[in-house]
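The values are calculated or read from the model by the stated rules, or taken from the named source; none is laboratory data. Predicted model only: the values in this text are computed from it and were never measured. Positions of Cβ are generated from backbone atoms using ideal geometry, with glycine treated the same way; all protein chains shown enter the neighbour counts.
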Amino acid sequence: MDNKKKRVQTMDKDLLDTILETHKAQPVGHGYIDIIVSRENFKRFIKSLIMNGYSIKSVSWWEWCPEGKECDYGLGGPQSNFYNGYFAELPVNIDDIEISADLSNEKVIEHIINLIEEKSITYPDERVTFKQNNWLTPAIWLDVPSSWRNNYSA
């Protein structure tokens, strides 16, 4: 199966839930947007999603706050299901992903990883970058049916 056809294959919700669990990726809310993934796991997570036919449409940004630390930039958010601490949503625009249909899976993966690694946020008194600030954490937004509910939903 060539790479272009693989991206339009039928998506499997159970497989998606397994991928999230494997990579300790935590959705915020009921669906599959704002799936927070640690800096240690984001590359493997993105590769697994793309290679299994899922389409990433955006990336949002969160502050990782280890247990006992108040957030400095974020607005608050969920306790981590996998680590000791919580995530605080950053009040910045999400980054939409524009992918050409003729790109190979490998090029799509490379494009999304590069977007994350090159992230820079400018505040009035400072500039925060993904490379220099280990608390800056991506969250992946997937293009899946809106009726799908993740396993963490109440």
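Worth pointing out:
- Residue identified as surrounded by 15 or more Cβ atoms within 10 Å (Cβ to Cβ), in a helix (DSSP H, G or I) and either at pLDDT below 95 or of a type in the set (Val, Ile, Thr) (or both) among Ile116, Ile121: Ile116
- Any pair with Cβ under 6 angstrom, 6 or more apart, that starts in the stretch 140-154 at a residue that is touching a residue at least 40 places away in the same chain (Cβ under 8 Å) and over 17 Å from Leu15 (Cβ atoms) and ends at one that is surrounded by 14 or more Cβ atoms within 10 Å (Cβ to Cβ) and aliphatic (A, V, I, L, M): Trp141/Ile33
- Number of the exception - Cys71 against (1) without any contact (Cβ under 8 Å) to a residue 12 or more places away in the chain; (2) touching a Cys at 6+ places or on another chain (Cβ under 7 Å): (1)
- Of all residues in the stretch 130-143 being in contact with a helix residue (DSSP H, G or I) (Cβ under 7 Å, 6 or more places away or on another chain) and either part of a loop (DSSP other than H, G, I, E, B) or among the hydroxyl-bearing types (Ser, Thr, Tyr) (or both), the one that is surrounded by the most Cβ atoms within 10 Å (Cβ to Cβ): Phe130
- Residue satisfying condition, being modelled with pLDDT of 95 or more, surrounded by 10 or more Cβ atoms within 10 Å (Cβ to Cβ) and part of a loop (DSSP other than H, G, I, E, B), within set Val92, Val108: Val92
- Considering only residues in the stretch 28-80 that are in a loop (DSSP other than H, G, I, E, B) and among the β-branched types (Val, Ile, Thr), the one that is nearest to Glu126 (Cα to Cα) turns out to be Val37.
- Considering the conditions (1) modelled with pLDDT of 95 or more; (2) surrounded by fewer than 16 Cβ atoms within 10 Å (Cβ to Cβ); (3) in contact with a strand residue (DSSP E or B) (Cβ under 9 Å, 6 or more places away or on another chain); (4) among the charged types (D, E, K, R), Lys69 is excluded by exactly one of them, (1).
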